[in-house]
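No lab work stands behind these numbers, since they all come straight from the coordinates. As the structure is a computational prediction, the values presented were derived from the model and not from experiment. Positions of Cβ are backbone-derived with ideal geometry, glycine not excepted, and every protein chain shown enters the neighbour counts.
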Amino acid sequence: RWVLRLRPHASLALQVAALFHDVERLKSEAHERREHRAPDYDRFKVAHARAGALITRRALTSAGVDADTIAQVAALVAEHERPGDGDADPEERALLSDADALSFFSLNASGFVDYYGPAHTRTKVAYTLRRLRPDQHRRLAGLHLRQDVLDLVAEQLPGVRERTTRRSA
């Protein structure tokens, strides 16, 4: 949904990449989340994205999607955790990263802190904010963030507290 909020006429490849970007978790974390045990969080996320691209490529090939679209979607999925690197269209890659980050804050951050606790969530928030382009930080102000999540965001972006809607636990 965030891809279309940010770009209402997003390309087919970008829309499909938004749907598939975390498909790898269906396999690696089907029964238990494990990202919090990764010794190197950045490397874990890059490996997650690359594995997701392989799964995506297979699924789209079996669905009869044309080779150019598959290549574009797979590149976006492979690079969605690294918005500044890769072969995918740089603007679409950055947009997918922004959408993924905003989706985390708008839909998943409260559950994430409940599941993982504040220490790992602090790592995730810092990582996610690094992926969000600075011109998109203003969108955080329109989100309803639970106070503990807002506190973690404010550690990285001190001015966000005054602009963001708070939600009680």
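Some observations on this one:
- Per-selection metrics, the stretch 15-92 (Cα): Rg and Dmax in Å: 12.7, 38
- Here's how it looks for R146: its modeled amide H is under 5 Å from those of R167, which are all 5 or more places away or on a different chain.
- Taking a Cβ cut-off of under 12 Å around L102, the surrounding Lys, Arg, Asp and Glu residues balance to a net charge of +4, with basic ones at +1 and acidic ones at -1.
- Theoretical gain in end-to-end length, Y41 to H144 [0.36 nm per residue, Cα-Cα removed]: 34.4 nm
- Distance from the Cα centroid of the stretch 108-129 to that of the stretch 1-76 is 21 Å (rounded to whole angstrom).
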